[in-house]
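The values are calculated or read from the model by the stated rules, or taken from the named source; none is laboratory data. Model, not experiment: these values are computed from the prediction. Cβ atoms come from the backbone with ideal geometry, glycine included; neighbour counts cover every protein chain shown. Accessible surface areas use protein heavy atoms only, side chains included; no ligands, DNA or RNA. Shrake-Rupley method; radii C 1.70, N 1.55, O 1.52, S 1.80 Å.
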Amino acid sequence: MGKIIAISNQKGGVGKTTTAINVSSGLAKLDKKVLLIDFDAQGNASQGLGAITSVGQPTVYAVLMDDYPIEKAIVHDQKSGVDILPANMSLAGADLMMDKIGAGKETLLKRVLQPIKDNYDYILIDCPPSLGLLTTNALTAANSVLIPVQCEYYALEGVTQLLITIRIVQQTSNSGLKIEGILMTMYNSSTNLSAEVSQDVRQSFGKLVYQNSIPRNVRLSEAPSRGLSIFEYDPRSKGAVAYMALCEELLNRNGDK
Ligand SMILES: Nc1ncnc2c1ncn2[C@@H]1O[C@H](COP(=O)(O)OP(=O)(O)OP(=O)(O)O)[C@@H](O)[C@H]1O
Ligand SMILES: [Mg+2]
């Protein structure tokens, strides 16, 4: 049975896409069948795995808004072993277009995933840095939310608002929505700040916070420009080791080992 995990935080640049790419690829390395849905008009998750969309190529937008068959829009990335439902700039207008639909506008993604959901062990959704209809659709389709939090001042700034949104979705369109986990990202062991922020977040959220955090690692920021996950780009880097440990922790928490 496919588990759908939305990776969300409306704060920009906290490591959502880096986490989406590398957790998808890490789980694939651990023999899980994974679909990565790029749900951001920036298209960073698609580009980061080298799935650059050509003009006219059907993306998640066509699947949502034009009834394009999802199976035909999914591309398989040989290198990482991950299936990708790509996005590009066309998704920028989706919030407005969805709003016009009226009833059922929150369940568009959930409905298109229904027929293919069980072809996968895990489906990860890389959400945009906003809490609009795209994110509502992702949270409505998902079983759980993974929240990356950057080890910086104001780390929790975005999280409070996200938790309110999660509660609203639980009360309206998805009563079963859970929090998968909170992930501390860009941890810098050479400063006190990262340790302090991480301690604060652990104090506030306890066991929801993953034991494994992701270090700041330049290899993680270089990999997407080659269209590679960290496991293909530099499997021995600190970033690769941390994301693999996180994948194992995620599987453990799900009783899936
Ligand atoms: N652990 C890390 N170490 C070093 N650089 C990182 C790390 N994680 C992410 N980055 C870099 O930080 C920037 C923001 O990361 P990313 O794109 O994953 O964030 P995001 O939350 O998806 O951003 P957005 O909100 O714009 O979608 C990118 O340039 C990325 O390469
Ligand atoms: Mg992103």
Antiparallel content of DSSP bridges confined to the chain, in %, to 5
10 percent
Over the chain, calculate the relative contact order: mean separation of alpha carbon pairs under 8 Å at least 6 apart, over the residue count, as a percent.
26 percent
accessible surface per residue for the range 200-244, probe 1.4 Å, DNA/RNA/ligands not counted, whole Å² -> 56 Å²
Whole-Hz Karplus ³J(HN,Hα) for the range 33-39, in order, using 6.51 cos²θ - 1.76 cosθ + 1.60 and θ = phi - 60°, x for Gly and Pro?
8, 10, 10, 9, 9, 7, 10
Just subtract the alpha-carbon distance of N254 and L96 from 0.36 nm times their residue separation and send over the number in nm, one decimal.
53.3 nm
Residue (of L36, G48, S194) at the positive-pole extreme of the chain, dipole from beta-carbon charges
S194
Magnitude of the charge dipole, the range 67-222, Cβ model with Lys/Arg +1 and Asp/Glu -1, debye to 20:
240 debye
Any idea how far the Cα center of the range 85-114 sits from the one of the range 122-176, in Å?
16 Å
Say each of I168 and S190 gets a label point 7 Å from the Cα, pointing the same way as Cα to Cβ; how far apart are those two points in nm?
4.2 nm
Whole-percent carbon and sulfur share, accessible surface of the range 53-202, 1.4 Å
51 percent
If you average the C-alpha positions of the range 68-82 and of the range 23-60 separately, how far apart do those two centres end up, in angstrom?
8 Å
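Given the peptides 179-190, 96-107, arrange them by the average over their residues of other C-beta atoms within 10 Å, most packed first.
Going from most to least packed, we get 179-190, 96-107.
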In nm, to one decimal, how far is the S225 label point from the V241 one, both placed 7 Å along Cα→Cβ?
2.5 nm
Row for the range 22-178, column shape: gyration tensor on C-alpha, a ≥ b ≥ c, rounded if a/c < 1.5 i.e. under 1.5, prolate if a/b over b/c, else oblate; value rounded
Positive end of the charge dipole of the chain (Lys, Arg +1 and Asp, Glu -1 on Cβ, about the Cα centre): tell me which of I214, S173, V63 has its Cα farthest that way.
I214
With each label point set 7 Å from Cα along the Cα-Cβ vector, what nm distance links K72 and I52?
2.5 nm
Cα lying deepest toward the dipole's positive end in the chain, options L183, T136, S8, charges on Cβ:
L183
Where only protein heavy atoms count, and the probe is 1.4 Å, what is the accessible area per residue for the range 72-170 in Å²?
42 Å²
